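Undergrad: Structure below; questions to follow.
The values are calculated or read from the model by the stated rules, or taken from the named source; none is laboratory data. Just so it is clear, the model here is predicted, and its values are computed rather than measured. Neighbour counts run over all protein chains shown; Cβ positions are idealised from the backbone, glycine included.
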Amino acid sequence: MSRFVKKLGRAMMRHGIIGMMRVAAEKSWAIIGSLQPSVRAEIRKRKEREASFDKQFGVDTAGCIHPTNLNINSPNQLYGVSYGGSDPKYFRKAIEALPIDYSRFVFIDFGSGKGRAILMAADFPFKRIVGVEYSEELHRIAEENIRRFNWGKCKCEDIELKCIDAIDYPIPHDCIICYFCNPFGATVMTQILSNIQKSLFINPREIFIVYYNPKEGHLVNQEDYLNIFTTIGPVCIWRSCLPSQVRNFSFQRESDDS
């Protein structure tokens, strides 16, 4: 079966006919927009930054890989998004903007792919760094990148890679930074936000959502327990509320206890 037919069948299952037409229209507008000189220049600069990162640290994090080109044993493969690493420029700006003591926080990359965000996060003194990826192929590449990475000036070497479906990853009880680089669609994102919410209500603490290319950002905006903190280029950041500030907190606790 050709790649085009596989992609077409997957898109039909994921979006339906009307939804697929909407997605096609959005991609057409995106292609038209990318023809603008300023946009083309920014895309070129981003690719140069990505290539420079890989060359500097001797790793392989570049490229774009569609889910149909990966062997993924999960029903959520249907909702996966093509792999593409975060722009080093905006990743650093976003993490530097967080008003936190990094040593108190665990950084979790949901959909960690080849591990670029994991490696960039190591330049900050996080308590621990975790990469969550359901593709064994990308997971193995990330492991190799970590093995080859130049750790000379890194500030966090406590790194764990988990080859697991993101919805099955148990949210740790630490203060956490939940990082997303547009890794999946609304179905999976909704479940993960629910997991984070339950974890917060069981153990109230500081949680930040850092979302690069937030295609499903409207879902985060709908969560009562999160407030928008700031936006930096293509990155949106949300911060958790205190339980007393969330109107559905009592209802959620009663539901969990029942």
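Undergrad: Quick one: count up the residues across the stretch 119-134 that are aliphatic (A, V, I, L, M) and outside any helix (DSSP H, G or I).
TA: To start, the set of residues in the stretch 119-134 that are aliphatic (A, V, I, L, M) comprises 119-122, 129-130, 132.
When the remaining residues are screened for being outside any helix (DSSP H, G or I), the result is 122, 129-130, 132.
So the answer is 4.
Undergrad: Looking at this structure, is Gly152 farther than 23 Å from Cys64 by Cβ and small (Gly, Ala, Ser)? First the steps, then the outcome.
TA: Values: farther than 23 Å from Cys64 by Cβ: yes; small (Gly, Ala, Ser): yes.
Considered against the rule, which asks whether it is farther than 23 Å from Cys64 by Cβ and small (Gly, Ala, Ser), Gly152 comes out as yes.
Undergrad: Further, regarding this structure: Quick one: would you say Asp60 is within 25 Å of Thr231 (Cβ to Cβ), acidic (Asp, Glu) and not in a helix (DSSP H, G or I)? Show your work before the answer.
TA: Values: within 25 Å of Thr231 (Cβ to Cβ): no; acidic (Asp, Glu): yes; not in a helix (DSSP H, G or I): yes.
Against the criterion (within 25 Å of Thr231 (Cβ to Cβ), acidic (Asp, Glu) and not in a helix (DSSP H, G or I)), Asp60 does not qualify.
Undergrad: What are the pairs with Cβ atoms under 6 angstrom where one residue, in the stretch 104-120, is under 18 Å from Gly152 (Cα atoms) and the other, located anywhere, is at pLDDT below 95 and not polar (S, T, N, Q)? Sequence gap at least six, or different chains.
TA: Arg116/Gly85; Leu119/Phe149
Undergrad: Return the residue satisfying two criteria in turn: it lies in the stretch 80-101 and is crowded, with 18+ Cβ neighbours inside 10 Å and assigned to a helix (DSSP H, G or I), and of such residues it is nearest to the chain's Cα centre (by Cα).
TA: Filtering the stretch 80-101 down to residues crowded, with 18+ Cβ neighbours inside 10 Å leaves 80, 83-88, 91, 94-95, 98.
Restricting the remaining residues to those that are assigned to a helix (DSSP H, G or I) gives 88, 91, 94-95.
Working: Pro88: 14, Phe91: 11, Ala94: 13, Ile95: 13 Å.
Only one residue fits best here, namely Phe91.
Undergrad: Let me ask something additional. What's the total number of residues in the stretch 234-248 that are part of a loop (DSSP other than H, G, I, E, B) and either at pLDDT below 95 or aromatic (Phe, Trp, Tyr) (or both)? Quick ask: steps written out before the conclusion?
TA: Residues of the stretch 234-248 that are part of a loop (DSSP other than H, G, I, E, B), as a first pass: 234, 241-242, 246-248.
Still in the list and also either at pLDDT below 95 or aromatic (Phe, Trp, Tyr) (or both): 241-242, 246-248.
Looking only at that region, the number is 5.
Undergrad: Do we have Val106 as within 26 Å of Cys175 (Cβ to Cβ) and in contact with a Pro (Cβ under 7 Å, 6 or more places away or on another chain) here? Break it down into steps so the answer makes sense when it comes.
TA: Numbers: within 26 Å of Cys175 (Cβ to Cβ): yes; in contact with a Pro (Cβ under 7 Å, 6 or more places away or on another chain): yes.
Spelling it out, Val106 is indeed within 26 Å of Cys175 (Cβ to Cβ) and in contact with a Pro (Cβ under 7 Å, 6 or more places away or on another chain).
Matching residues to (1) modelled with pLDDT of 95 or more; (2) buried (at least 17 other Cβ atoms within 10 Å of the Cβ); (3) not β-branched (Val, Ile, Thr):
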position: Ser194; (1), (2), (3): yes, no, yes
position: Ile209; (1), (2), (3): yes, yes, no
position: Glu216; (1), (2), (3): yes, yes, yes
position: Gln222; (1), (2), (3): yes, no, yes
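Undergrad: Going by the conditions given, is Glu137 part of a helix (DSSP H, G or I), touching a strand residue (DSSP E or B) at 6+ places or on another chain (Cβ under 9 Å) and over 23 Å from Ile171 (Cα atoms)? It would help to see each step written out before you state the result.
TA: On the way: part of a helix (DSSP H, G or I): yes; touching a strand residue (DSSP E or B) at 6+ places or on another chain (Cβ under 9 Å): yes; over 23 Å from Ile171 (Cα atoms): yes.
Here the answer is yes, as Glu137 does meet what is asked.
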